[in-house]
Amino acid sequence: MNTLKYQSQAVAKPYFVFALILFVGQILFGLIMGLQYVVGDFLAGAIPFNVARMVHTNLLIVWLLFGFMGAAYYLVPEESETELYSPKLAIILFWVFAAAGVATILGYLLVPYSTLADFTFNELWPTMGREFLEQPTITKIGIVVVCLGFLFNLGMTILKGRKTAINMVLMTGLIGLAVFFLFSFYNPTNLALDKYFWWFVVHLWVEGVWELIMGAILAYVLIKVTGVDREVIEKWLYVIIAMALISGILGTGHHFYWLATPEYWQWVGSIFSAIEPLPFFAMVLYAFNMVNRRRREHPNKAATLWALGTAVMAFLGAGVWGFLHTLSPVNYYTHGSQITAAHGHMAFYGAYAMIVMTIISFAMPKLRGIGEANCNRAQVREMWGFWLMTVAMVFITLFLTGAGVLQVWLQRLPETGEALSFMATQDKLSIFYWMREVAGVIFLLGLIAYISSFWVKEKATA
Amino acid sequence: MSESFTKGMARNIYYGGSVFFFLVFLALTFHTTKEMPERDNRQNITESVERGKHLWEKNNCIGCHSLLGEGAYFAPELGNVFQRRGGEAGFKMFFNGWMKAQPLNIPGRRQMPNFHLNDQEIEDLAEFLKWTSEMDINGWPPNIEG
């Protein structure tokens with residue numbers, strides 16, 4: 001049963017499938033790292049912590065990018081009411097990106113990082129070895145090429161079709177993503193400048209343009225599953241992303257507190273990042289409001305659950321847990337502690353992992369030719385996955401927060417001479433790390449339940 | 001939301017607001033980069049410091065350690081390790097011994113790999129960490145433990 005409105009939407013499918021495969025890899029490496037926190041020498045020779053961490057975070061970035069691209073290929077033709085400009089280009093770019101991504105991850109795993117740097121001529125244009133931007137320069141160039149091809153393809157589609165608010169917001173988000181990534185090529189010798197502009201990629205992605213992408217995908221799914229008038233939903237979308245950028249751009253200042261920058265950033269960063277939870281709160285109101293006002297009962301209950309879930313979890317993770325340590329007098333004690341890790345985990349899961357799973361949940365039944373929605377049994381399994389993963393992530397966040405509070409208490413608050421050292425403090429936190437690891441295993445079980453839902457079929461009735 | 005607040009108004013707030021705040025951000029960035037030479041210790045960047053930074057990156061030290069509070073939180077903060085581990089008097093000797101003693105191979109303890117750096121490279125890395133510790137970063141961290 002083919003229920004795709006535009007046949008070229010089908011190119012989204014390999015993107016989604018590959019994204020989920022990488023997601024599984026990300027979680028497995030997360031579990032390895034979690035164990036290394038408490039059993040320090042676990043796999044220390046084969047997969048040193050820095051390698052596991054690089055694989056964990058890079059897989060996250062890449063699977064989310066695959067998810068965003070899949071989402072764009074799926075929703076832009078429908079929004080534009082025209083076929084994709086070039087499905088063939090989309091498939092070629094898929095294989096280029098997948099091959100480059102796999103080669104890069106294998107590079108991390110199979111050779112020492114310094115050897116990888118030598119292989120890829122890092123000394124000609126050094127860009128490697130900075131958190132989240134560890135990719136060899138050649139991979140970074142590949143990412144830019146893929147992004148340009150992708151934007152060209154989408155841009156041409158939108159140009160010949162209808163220009164909806166969702167299209168425009170998604171496009172500005174994706175263009176911003178590509179433009180700010182260019183700062184990853186700027187790596188001055190001066191560490192302060194290096195870090196300052198590093199945030200142009202890292203912050204302006206996750207607290208800026210990615211929020212546009214998230215908002216656009218959420219708006220699209222809400223229109224489809226609720227049947228609420230597009231005008232209403234698009235108005236909300238504009239208000240939310242306006243708040244996101246107005247607070248988020250100057251909110252970058254909360255990363256400049258301890259970085260050889262003028263002290264006014266303490267004020268600018270604190271004030272604007274105090275506003276940053278608002279758009280996420282508005283997103284919660286908006287998602288629930290739209291679902292309550294729905295004009296149709298969409299058969300895909302799981303997609304609606306993901307849409308509501310991402311709004312709530314993004315608010316908690318990005319909004320509340322971000323605000324917890326964003327004011328400069330607080331950040332002075334929490335900067336670079338486990339509090340940061342707690343926030344990072346819930347924010348990425350809530351805002352970005354869940355929005356990708358929202359669109360996958362909505363689009364996959366159609367892409368697989370099943371129809372509007374999976375059968376009831378498959379949806380129930382999928383919802384088990386949702387709850388297991390989401391509750392596990394809440395506990396991961398709580399345990400890391402506990403670890404962070406204790407860390408600040410023991411290592412940061414006492415005067416020099418009385419404070420415990422970093423390693424001595426880490427020993428005291430091990431109970432929290434063990435519990436985090438247990439929660440991580442439950443997350444993996446949730447992920448297995450979620451993935452297995454793709455194979456669940458309705459029982460044959462006699 | 002009330003009917004008098006239209007989608008067009010919301011759109012204008014989005015485009016206008018983000019352009020306005022982005023321009024403010026650029027202006028502050030311009031001012032900040034003008035001010036940074038006063039604080040970021042750039043006058044002391046030697047060729048050795050430069051080589052040290054490349055070694056820091058090439059061996060992905062940030063994958064375990066944090067530097068000025070950013071990076072991984074698996075191993076100690078190194079932005080102030082120069083002061084913590086002996087300062088002018090003893091840091092370089094400590095650091096050379098430390099790098100060569102890795103991995104410590106204490107069962108169950110987090111392991112730092114041995115990166116097989118030669119004496120010159122260890123010296124360069126030490127110079128980079130020393131230079132980093134001498135930046136004015138508004139009094140962070142709260143104490144010597146980082």
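The values are calculated or read from the model by the stated rules, or taken from the named source; none is laboratory data. Keep in mind that this is a model prediction, so the values were computed, not measured. When we count neighbours, we look across all protein chains shown, and the Cβ atoms used for this are built from the backbone with ideal geometry, even at glycine. The protein model used for the area step is the full one, side chains on, heavy atoms only, and it has no ligands, DNA or RNA in it. Shrake-Rupley method; radii C 1.70, N 1.55, O 1.52, S 1.80 Å.
Before moving on, here are some points about what is shown:
- Criterion (assigned to a helix (DSSP H, G or I) and either over 30 Å from residue B:142 (Cβ atoms) or away from chain B (no Cβ under 14 Å) (or both)) met by exactly one of A:330, A:312: A:312
- Scanning the range B:1-34 for residues that are loosely packed, with under 15 Cβ neighbours inside 10 Å and among the charged types (D, E, K, R) gives B:3, B:34.
- Qualifying residue in the range B:23-31 (condition: at the interface with chain A (Cβ under 8 Å from one of its Cβ atoms) and touching a residue at least 40 places away in the same chain (Cβ under 8 Å)): no
- Test: residue in the range B:63-76 that is hydroxyl-bearing (Ser, Thr, Tyr) and surrounded by fewer than 23 Cβ atoms within 10 Å (Cβ to Cβ): no
- Single residue of the range B:107-134 satisfying the filter (crowded, with 21+ Cβ neighbours inside 10 Å and closer than 27 Å to residue A:264 by Cβ) that is farthest from the other protein chains (Cβ to nearest Cβ): B:131
- Yes/no for residue B:80 being within 11 Å of the chain's Cα centre (by Cα), farther than 26 Å from residue A:47 by Cβ and of a type outside the set (Asp, Glu): yes
- Evaluated against (1) open to solvent by 70 Å² or more (accessible area, probe 1.4 Å); (2) facing chain A (nearest Cβ under 7 Å); (3) within 30 Å of residue A:433 (Cβ to Cβ), residue B:85 falls short on exactly one condition, (2).
- Within the range A:88-99, the only residue that satisfies the criterion of being surrounded by fewer than 21 Cβ atoms within 10 Å (Cβ to Cβ) and under 20 Å from the mean Cα position of the chain (by Cα) is A:98.
For every residue, the table says whether it meets (1) surrounded by 14 or more Cβ atoms within 10 Å (Cβ to Cβ); (2) hydroxyl-bearing (Ser, Thr, Tyr); (3) within 14 Å of residue A:393 (Cβ to Cβ).
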{"site": "A:415", "(1), (2), (3)": "no, no, no"}
{"site": "A:422", "(1), (2), (3)": "yes, no, no"}
{"site": "A:426", "(1), (2), (3)": "yes, no, no"}
{"site": "A:430", "(1), (2), (3)": "no, yes, no"}
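- Test result for residue A:137, among the polar types (S, T, N, Q), within 30 Å of residue A:81 (Cβ to Cβ), more than 21 Å from the chain's Cα centre (by Cα) and surrounded by 17 or more Cβ atoms within 10 Å (Cβ to Cβ): no
Conditions tested, residue by residue: (1) at the interface with chain B (Cβ under 9 Å from one of its Cβ atoms); (2) over 16 Å from the mean Cα position of the chain (by Cα).
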| site | (1), (2) |
| --- | --- |
| A:172 | yes, yes |
| A:181 | no, no |
| A:185 | no, yes |
| A:198 | yes, yes |
| A:214 | no, no |
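- Check on residue A:144, surrounded by fewer than 17 Cβ atoms within 10 Å (Cβ to Cβ) and either part of a loop (DSSP other than H, G, I, E, B) or at pLDDT 95 or above (or both): yes
- Search result, residues across the range A:138-170 that are free of Cβ contacts under 8 Å to residues at least 40 places away in the same chain and within 14 Å of chain B (Cβ to nearest Cβ): A:168
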